[in-house]
Amino acid sequence: FLAITCNAFAQFKYVPKNISDAPKWAQTMYEDGANLYEVEGQRAAYFRSHPYQKDIHERNFQHWITQVGRLVDERGQIRSEDYWESRRAARGGSAIWEPIGPMETYNLGDEGGFPVSWQCNAYCMDACEDNSNIVVAGIEGGELFKSTDKGLTWTAVTEDLPVSTPTAVRIAPSDCNTIYFVANGSLYRTVNGGTSWSDVYSVSGNIYEVEVHPTNPNTLLICGGNGVWKSTDGGDSFTSIYSEPCWDVKYHPTNSSIVYLLKTNSSANKCEFFKSVDGGDSFTLQTNGWYSPAVVNEAEDIGAKIGLSAAAPDQVYVALLGASKTDDNGWISVYKSTNAGVNWTNPSGQDGGPYDATTQPNLASINPNGTGFHQGFYNFAVGVSQSDASRLWVGCLSLNLSTDGGANFERIGGYSVGPNSIGWIHPDVQDIVTVGNDVWVTTDGGINYSSDDLATHESRKYGIYNSTFWGYNQGWNQDIMVGGRYHNGNTGYFENYPEGDHLRLGGAESPTGYVNPLLERKVYFSDITDHYLPENFGDPKVNTGNMGLYPTEGYWTSESSEVE
């Protein structure tokens with residue numbers, strides 16, 4: 001582990017600090033200069049003698065191959081963008097491509113057709129506090145997208161940059177034209193709303209948060225796996241404040257001299273809360289009523305997030321991931337302060353398990369009773385209503401709501417939702433942004449917007465074209481396309497449909513989707529019913545009997561064949 005530099009970790013959204021217990025293939029993957037073919041060989045050998053498990057290392061692998069696959073040479077070595085550009089130039093140029101979709105994804109069901117967020121993994125987003133019509137989002141498939149009409153339409157603003165997977169983005173609250181984002185180990189800045197960008201700083205390791213001063217767009221803080229840094233010159237240079245892993249950093253809603261920070265204490269196996277009263281130049285540990293593990297040597301800190309509201313400026317929420325003792329499964333609790341982080345209470349009255357789906361739910365695991373897997377910091381977000389400070393959302397695999405300041409939670413979206421489900425919230429929450437009356441939730445499927453504290457919501461991602469196809473097929477004599485996608489199941493398009501509008505057909509993450517070349521519109525999928533695509537957009541599909549045998553395909557093996 002000590003031989004692995006943190007620059008390698010910048011290729012992933014989140015890597016556990018201690019990977020000494022990870023399988024050999026995962027440790028190889030995290031090394032600088034990792035060879036894709038070597039990792040694939042070690043991984044295949046490992047799963048021949050171990051049951052398949054979708055843990056954080058497997059999630060990182062599936063993400064990694066989508067990022068580096070296009071950069072791999074014939075020997076499996078990952079080459080730079082400049083290397084491939086020089087090879088294209090030597091061949092006399094390159095083809096010009098343009099995106100054709102999916103630009104929008106519609107549900108096809110009894111409710112009729114309407115847009116749903118089953119299209120693209122939106123890692124991070126932000127909305128301008130000075131003009132809430134301006135929003136930006138970083139997409140797993142590669143680009144930073146921008147909207148000037150509150151998410152109704154989106155345009156890529158980084159197509160000329162060699163970026164993939166922006167993991168943190170922030171619009172300066174006082175200047176909507178100044179935007180910072182992190183991708184590929186670099187901090188990028190624009191001062192003209194995204195027309196042009198500057199690669200201003202090389203960052204080390206994963207960056208989890210970019211925070212910009214409320215009134216000075218040139219002052220910012222960034223935090224991540226290697227600590228927290230402050231810049232006063234727009235990111236051209238930084239001063240290191242701490243070098244230990246830091247999960248989140250936030251300015252006080254109304255007092256820019258106060259800054260909050262969440263930092264790991266590796267010896268105590270817990271996250272700690274720090275407060276600055278000099279704008280982030282120095283911090284002081286706050287311990288009064290703060291969380292302490294029940295059993296230190298059994299405890300684990302795997303992430304934390306801060307939630308704030310202008311409706312109660314001195315109130316602070318902190319959601320904690322990890323374990324307080326043996327048998328805790330990813331979720332600790334929410335802590336709350338009403339005096340700017342000086343004193344703390346646990347509104348639920350309990351750290352970690354035993355969990356109960358109703359009275360003490362596990363917000364991180366797939367099942368509210370605490371059973372099943374969780375994905376730690378990979379899917380984690382906190383948001384607070386800006387009009388009702390007792391209304392708090394915590395997003396993990398599912399979206400959870402508290403209306404009483406964190407004492408009680410219920411699932412309203414994602415997996416295992418309760419009776420008050422708000423419907424059509426994709427599992428795996430990536431970010432929650434609250435600005436004024438607007439609430440934004442980004443997930444592995446896209447972006448949802450609400451103007452009434454998520455009493456109602458709608459999908460807003462038209463124009464974000466970064467679907468990741470693991471299976472794909474198209475027609476011969478008619479323009480028809482189908483495919484199975486990472487995170488978002490199967491999709492279909494027929495030439496009679498509006499340009500860029502695709503259908504959500506169901507399924508999960510199978511590399512599937514086949515078109516009969518003679519009976520076009522007849523399509524096959526290994527994980528859902530075979531059927532004829534509707535001839536006209538909005539018509540019902542016609543189900544048919546499934547084939548008795550499907551081609552070789554595999555989720556974890558990344559295999560996809562075809563039907564002839």
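The values are calculated or read from the model by the stated rules, or taken from the named source; none is laboratory data. Values in this document were obtained by computation on a predicted structure and should not be read as measured data. Here the Cβ is made from the backbone with ideal geometry for all residues, glycine too, and neighbour counts use every protein chain on show. These accessible areas exclude ligands, DNA and RNA; they are computed on the full protein's heavy atoms, side chains included. Shrake-Rupley method; radii C 1.70, N 1.55, O 1.52, S 1.80 Å.
Some observations on this one:
- Scanning segment 314-346 for residues that are charged (D, E, K, R) and either assigned to a strand (DSSP E or B) or in contact with a Cys (Cβ under 7 Å, 6 or more places away or on another chain) (or both) yields a total of 1.
Yes/no per residue for (1) open to solvent by less than 30 Å² (accessible area, probe 1.4 Å); (2) over 19 Å from Asn226 (Cβ atoms):
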{"position": "Cys246", "(1), (2)": "yes, no"}
{"position": "Leu261", "(1), (2)": "yes, no"}
{"position": "Gly279", "(1), (2)": "yes, yes"}
{"position": "Thr284", "(1), (2)": "no, yes"}
{"position": "Gln315", "(1), (2)": "yes, yes"}
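- Residues of segment 346-400 that turn out to be among the aromatic types (Phe, Trp, Tyr) and farther than 18 Å from Ile425 by Cβ, as a count: 3
- Within segment 229-240, being touching a Lys or Arg at 6+ places or on another chain (Cβ under 6 Å) and either of a type in the set (Asp, Glu) or open to solvent by 10 Å² or more (accessible area, probe 1.4 Å) (or both) holds for one residue alone: Thr239.
Here's the yes/no breakdown for (1) open to solvent by 10 Å² or more (accessible area, probe 1.4 Å); (2) in contact (Cβ under 8 Å) with a residue 60 or more places away in the chain:
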site: Gly372; (1), (2): yes, no
site: Val384; (1), (2): no, yes
site: Gly413; (1), (2): no, no
site: Asn437; (1), (2): yes, no
site: Trp440; (1), (2): no, yes
site: Asp444; (1), (2): no, yes
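- Residue that is most open to solvent (accessible area, probe 1.4 Å) [pool: residues in segment 85-105 that are within 28 Å of the chain's Cα centre (by Cα) and at pLDDT below 95]: Trp97
- Every residue from segment 174-213 that is over 22 Å from the mean Cα position of the chain (by Cα) and within 21 Å of Tyr251 (Cα to Cα): Ser174, Asp175, Cys176, Asn177, Thr178, His213
- Residues that are closer than 30 Å to Glu58 by Cα, in contact with a Ser or Thr (Cβ under 6 Å, 6 or more places away or on another chain) and open to solvent by 30 Å² or more (accessible area, probe 1.4 Å), drawn from segment 540-554: Tyr550, Thr552, Glu553
- Scanning segment 338-356 for residues that are farther than 26 Å from Val439 by Cα and hydrophobic (A, V, I, L, M, F, W, C), we see that the one that is most open to solvent (accessible area, probe 1.4 Å) is Val342.
- Cβ-Cβ distances below 8 Å connect the following pairs, each with a first residue in segment 450-471 that is in contact (Cβ under 8 Å) with a residue 60 or more places away in the chain and open to solvent by less than 40 Å² (accessible area, probe 1.4 Å), a second residue that is in a loop (DSSP other than H, G, I, E, B) and among the hydroxyl-bearing types (Ser, Thr, Tyr), and a separation of six or more residues or different chains: Asp453/Ser385; Asp453/Ser387; Ser459/Ser117; Lys461/Ser117; Gly463/Thr153; Thr468/Tyr486; Gly471/Ser510; Gly471/Thr512.
- If you go through segment 118-173 and keep only what is charged (D, E, K, R) and over 14 Å from the mean Cα position of the chain (by Cα), you end up with Glu129, Asp130, Lys146, Asp149, Lys150, Glu159, Asp160, Arg170.
- Pick from segment 523-539, criterion open to solvent by 30 Å² or more (accessible area, probe 1.4 Å) and more than 20 Å from Tyr465 (Cβ to Cβ), ranking: nearest to the chain's Cα centre (by Cα): Asp527
- Looking at Asn218, Asn226, Asn206, just one residue is surrounded by fewer than 24 Cβ atoms within 10 Å (Cβ to Cβ), out of contact with any Asp or Glu (no Cβ under 9 Å at 6 or more places or on another chain), closer than 28 Å to Gly280 by Cα and not basic (Lys, Arg), and that residue is Asn206.
- Taking the criterion of being part of a loop (DSSP other than H, G, I, E, B), surrounded by fewer than 22 Cβ atoms within 10 Å (Cβ to Cβ) and free of Cβ contacts under 8 Å to residues at least 40 places away in the same chain, the residues of segment 286-313 that qualify are Thr287, Ser292, Val295.
- Test: residue in segment 183-193 that is in a loop (DSSP other than H, G, I, E, B), without any contact (Cβ under 8 Å) to a residue 12 or more places away in the chain and open to solvent by 20 Å² or more (accessible area, probe 1.4 Å): no
- Of the residues making up segment 241-282, those that are more than 29 Å from the chain's Cα centre (by Cα) and touching a residue at least 24 places away in the same chain (Cβ under 8 Å) number 3.
- Segment 344-370 residues that are farther than 17 Å from Ile302 by Cα, paired with ones that are of a type in the set (A, V, I, L, M) and surrounded by fewer than 19 Cβ atoms within 10 Å (Cβ to Cβ) (beta carbon under 7 Å, 6 or more apart): Pro347/Ala407; Ser348/Ala407; Pro368/Ala357; Asn369/Ala357
- Any hit, segment 232-254, residues being closer than 20 Å to Val316 by Cβ, of a type outside the set (Asp, Glu) and out of contact with any strand residue (DSSP E or B) (no Cβ under 8 Å at 6 or more places or on another chain): yes
- Within segment 416-448, the only residue that satisfies the criterion of being within 17 Å of Asn466 (Cβ to Cβ) and of a type in the set (A, V, I, L, M) is Ile447.
- The lone exception for Arg75 - which of (1) surrounded by 12 or more Cβ atoms within 10 Å (Cβ to Cβ); (2) assigned to a loop (DSSP other than H, G, I, E, B); (3) charged (D, E, K, R) it fails: (1)
- Residue satisfying all of: in segment 445-471; closer than 20 Å to Asn490 by Cβ, of a type in the set (A, V, I, L, M, F, W, C) and part of a loop (DSSP other than H, G, I, E, B); modelled with the lowest pLDDT among these: Trp470
- Of all residues making up segment 44-55, the number that are surrounded by 13 or more Cβ atoms within 10 Å (Cβ to Cβ) and touching a residue at least 40 places away in the same chain (Cβ under 8 Å): 3
- Test for Glu58: is it charged (D, E, K, R) and open to solvent by less than 80 Å² (accessible area, probe 1.4 Å): yes
- Among residues of segment 501-522 being farther than 22 Å from Thr557 by Cα and under 31 Å from the mean Cα position of the chain (by Cα), the one that is most open to solvent (accessible area, probe 1.4 Å) is Arg504.
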